[in-house]
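The values are calculated or read from the model by the stated rules, or taken from the named source; none is laboratory data. In this text, all values refer to a predicted model and were calculated from it rather than measured experimentally. Here Cβ is always computed from backbone atoms with ideal geometry, including for glycine, and neighbour counts include all displayed protein chains. Protein only, heavy atoms only, side chains kept; ligands, DNA and RNA dropped before computing areas. Shrake-Rupley method; radii C 1.70, N 1.55, O 1.52, S 1.80 Å.
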Amino acid sequence: MTTFIAHYKSLDSQADRARGLFEFQSASRLGSKGNAHDARIRMLELFGNDALSWTIEKIERKPSKGPQADGQLELDFRAPAKKKRKRAREYW
């Protein structure tokens, strides 16, 4: 299963406005109805009846941690790539 991040917000007309994000796992693809359903179910599990009128604005894939460790940047010691020279056009 893949981990996703869902951004939610309450209605603007509500007295106590809520806005935030939460993580959930889903086997469905990003942007599918199954994925949105899994996000909605997880939101209701986390926040209960308060979340009935909330809407999910955006769902995105949680970025996986790459090969960088502790914020250390990677150095690239390879030789620079050779640039191909464009041929000059001849206009007659």
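Amide H contacts of A18 (H built 1.01 Å from N, in plane; Pro and chain starts excluded): S10 sit under 5 Å, all sequence-distant by 5 or more or on other chains. Using helices alone, what [θ] at 222 nm do you get for the chain, with -39,500 (n - 2.57) per DSSP H run of 4 or more residues, divided over all residues and rounded to the nearest 500? Mean residue ellipticity, 222 nm, calculated: -5500 deg cm²/dmol. Computed over the chain with a Gaussian network model linking Cα atoms closer than 10 Å, the most mobile of A79, A51, A39 is A79. What stretch of the chain, leaving out the sites themselves, is the longest with no trypsin sites (Lys or Arg not before Pro) in a DSSP loop having at most 15 other Cβ atoms within 10 Å? Here the longest segment lacking exposed loop sites spans 30-64.
Computed 3J(HN,Hα) for the stretch 52-65, one whole-Hz value per residue from the Karplus formula 6.51 cos²θ - 1.76 cosθ + 1.60 where θ = phi - 60°, is 4, 9, 6, 10, 8, 7, 8, 10, 9, 6, 6, x, 7, 6, glycine and proline marked x. With protein chains left intact and a 1.4 Å probe, residues in the chain average 93 Å² of accessible area per residue. Of the accessible area of the chain, computed with a 1.4 Å probe over protein heavy atoms only, carbon and sulfur atoms account for 51 percent.
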